[in-house]
Amino acid sequence: MGADKNRKRVGEILDRAMEGEPELLDARHVEEMPPKVLGALGEELAARYLESRGYEIVERNYRCCEGEADLVVYDPSSEEVVLVEVKARRGHEADCYPEEAVSRSKRRRYRRIAHQFIADHYPCPSIRFDVIAVSFDTVSVGEIRHLYGAFDWEAGQ
């Protein structure tokens, strides 16, 4: 199943859950989701979370020769383009917080992706790197954490 089909499937699940079928997000359903669908669910929840806070979705799954950014959004309050890495984990996978999976190599890759984004979208206002961590507990979506400015341009982070 391709990324677009996963996104469509996840959108339908979330819409139905919001319209009176919350059991679609219960532990049994989340446990049965393939990893790519779980990732798409995390990305959709992150996008809806950010939109509800006034961010504008610029692009989903921005791809370039350096890799992929899950979400590219615009933060009108800070006038920044934000490259967002989304990490989603099931409860039993919670041996670490989802955001801890954003490794040093992933941060380096995001910096290279940002350089390419700037080249593709010149002129571009300043860029920030955020992480959205989505944890699913035994009942439903357990927590969404937004790490604002999770890392910066410095290679040491």
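Laboratory data are not the source of any read-out in this text; all were calculated from the coordinates shown. These numbers come from a predicted model, not from an experiment. Positions of Cβ are backbone-derived with ideal geometry, glycine not excepted, and every protein chain shown enters the neighbour counts.
What does the extension gain come out to for Glu68 and His146, with contour length at 0.36 nm per residue minus their alpha carbon separation?
Result: 26.2 nm gained on full extension.
Projected label points at Glu154 and Glu79, each 7 Å from Cα along the beta carbon direction, are separated by 2.5 nanometres. Between Arg53 and Gln116, the FRET efficiency estimated from the beta carbon spacing at R0 = 41 angstrom works out to 0.95.
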